[in-house]
Amino acid sequence: MPPALQPVRGTRDIIGEDSARHNHVVETARKITSLYGFSEWQTPIFEDTKVFSRTLGETSDVVTKEMYTFKDRGGDSITLRPEGTAGVCRALITNGLTQTLPQKVFYQGPMFRYERPQKGRYRQFHQIGIEFLGPAIPLADAEVIACGWHILNELGIAENIVLNVNTLGDTESRDNYRTALVEYFSDHAASLSDDSKIRLEKNPLRILDSKDEGDRKLIALAPIIHEHLTPAAVDFYENLQSALDSFGVPFIPNPNIVRGLDYYNHTAFEFVTIALGAQGTVLAGGRYDGLVEQMGGRPVPGIGWAAGIERLAMLLTSTPTTQPPVIVFGDTAIPTANYLRSQNIKTEIAFQSNLKNALKHANRLGAKWAILANLEGLILKNLDDGSQSEVTLESLPTHLSK
Ligand code: ATP
Ligand code: MG
């Protein structure tokens with residue numbers, strides 16, 4: 001026998017309990033986002049590399065180290081999507097929707113990043129996310145955040161999660177801040193990590209997101225954006241906070257939240273748990289007013305977030321249960337199953353060769369009912385107490401609902 005084939009490093013199969021948890025997260029998000037008026041979009045899992053390289057920032061970790069980029073057979077540079085926002089904005093433009101606003105988008109599916117795999121960190125992982133395209137008012141930011149909070153509550157995991165909120169200001173605030181940062185970090189350039197020395201040249205704000213320990217010490221004493229905000233940016237941030245209060249979403253302001261991608265302005269936020277160690281960010285996002293224009297569309301402001309499904313699934317305290325099927329065994333199993341399924345009753349035909357094995361199978365599935373279906377008639381067996389009785393096909397739904 002040739003050696004068994006292995007999955008690619010950082011990928012995993014989602015089977016059994018994992019699958020039940022994964023689906024529960026997706027279905028909960030689908031339900032709650034729909035309550036807020038979001039509609040699901042599906043965009044391709046690979047795009048022209050420029051969709052990401054042009055927008056995420058050439059010094060962001062994702063673009064410099066994590067993208068799955070390759071030439072396809074036609075010689076085009078293709079990238080497996082590392083995140084969802086760029087693709088949604090590309091789709092907004094492609095589908096001529098930049099004039100049909102607002103658009104409220106929900107998406108879910110696989111994302112790809114070449115990272116060092118560890119608990120809660122994979123190379124193929126999955127996200128749920130929303131984008132609210134059109135309005136540039138803090139109320140929209142607050143509602144998007146409230147929707148995320150609602151999902152965490154519905155999943156029953158909100159208790160140990162804290163919302164951190166910050167502002168990155170408007171363009172003018174950021175320009176002022178950048179000047180202050182360059183001044184500060186240039187004075188300490190010798191102590192910066194190599195990556196951050198490059199960031200200082202290309203995009204000094206990005207240094208704030210560095211995970212290097214030496215950098216972190218310098219960052220702790222660096223100027224903060226709040227000293228450089230324009231009155232309009234201050235106003236936006238204050239309105240966001242009072243809107244969050246109105247939605248009943250608890251939060252703490254945290255000036256260290258800067259987000260890893262270049263396209264954010266004004267609002268940046270992260271829902272963080274202490275339960276997953278260093279992989280503590282479970283849902284994160286921000287405002288990205290310049291992104292659509294950067295991709296060649298009419299300027300359309302936007303606000304959104306994404307959450308890792310694997311991390312949310314790990315936090316679920318119980319595995320969502322599904323109803324076990326009714327098991328049908330015997331010569332007339334097919335018409336019996338046909339009838340039950342037409343009545344919306346979950347039914348499985350037992351393919352075991354004898355009744356004993358069929359009942360074993362029923363047990364493993366946690367079934368409560370088995371039906372022995374033969375030309376002479378139907379016998380309904382209660383697997384909990386072993387009792388059985390002869391029944392008619394039409395009376396089955398009534399019996400089974402007991
Ligand atoms: P981190 O700081 O943990 O690397 P990030 O800032 O790169 O997170 P985002 O780009 O904001 O993450 O993605 C949003 C969410 O997607 C994260 O909060 C996390 O739950 C999830 N996520 C990101 N990268 C991975 C990964 N490699 N494996 C599993 N989940 C991930
Ligand atoms: Mg990351």
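Given contacts defined as C-alpha pairs under 8 Å and at least six residues apart, what's the relative contact order of region 95-253, whole-number percent? Answer for region 95-253 is 26 percent. Sequence-ordered 3J(HN,Hα) estimates for region 56-70 from the Karplus curve with 6.51, -1.76 and 1.60 and θ = phi - 60° stand at 6, x, 6, 9, 5, 4, 4, 6, 6, 10, 10, 7, 8, 10, 8 Hz, glycine and proline given as x. Let me test this: with uniform point scatterers at the alpha carbons of region 40-198, what is the Debye-based log₁₀ I(q)/I(0) at q = 0.13 1/Å? With one equal scatterer per Cα and no solvent, log10 I(q)/I(0) is -0.89. Restricting the calculation to alpha carbons of region 130-260 gives Rg and Dmax of 16.8, 49 angstrom.
Taking packing as the residue-averaged number of other Cβ atoms within 10 angstrom, the listed peptides 166-175, 385-394 run from highest to lowest as 166-175, 385-394. Mark the label point 7 Å from the Cα of LEU365 along Cα→Cβ and return the residues of region 372-400 whose backbone N is within less than 17 Å of it. So the set is 372-374, 379-384, 397, 400.
What value in Å³ per residue do you get for the convex hull of the alpha-carbon atoms in the chain? Don't jump to the answer; show the numbers that get you there.
Values: hull volume 83.7 nm³, N = 402.
Output value, Cα hull per residue: 208 Å³.
In region 113-161, the alpha-carbon atoms span a convex hull of 125 Å³ per residue. The gain in end-to-end length when the ASP175 to ASN382 segment is fully stretched comes to 67.3 nm, 0.36 nm per residue minus the alpha carbon separation.
Cross-link pairs exceeding 24 Å between alpha carbons, from the set LYS65/LYS211; LYS346/LYS381; LYS65/LYS202; LYS119/LYS217; LYS71/LYS211; LYS65/LYS104: LYS119/LYS217; LYS71/LYS211; LYS65/LYS104. In percent, rounded to a whole number, the relative contact order of the chain is 17, using alpha-carbon pairs under 8 Å and six or more apart.
Can you find, among ILE224, ALA189, SER246, the residue sitting farthest towards the positive end of the charge dipole of region 164-254, where Lys and Arg contribute +1 and Asp and Glu -1 at Cβ? Comparing the listed Cα positions along the dipole, ALA189 ranks first.
Convex hull of alpha carbon positions in region 1-59: directionally averaged projected area 8.0 nm². With viscosity set to 1.306 mPa s and temperature to 10 °C, compute the Stokes-Einstein D of region 1-109, Rh being the Kirkwood radius across alpha carbon pairs; µm²/s, no decimals. The estimated diffusion coefficient comes to 95 µm²/s. Peptides 302-310, 218-226 ranked from most to least packed, by the mean per-residue count of other Cβ atoms within 10 Å: 302-310, 218-226. Only Cα pairs under 8 Å and 6+ residues apart enter the sum, and on that basis the relative contact order of region 1-94 stands at 24 percent.
Here, each number is a calculation from the coordinates, and none is a lab measurement. Note that this is a predicted model, so its numbers are computed, not measured. Cβ: placed from backbone, ideal geometry, glycine included. Neighbour counts: every protein chain shown.
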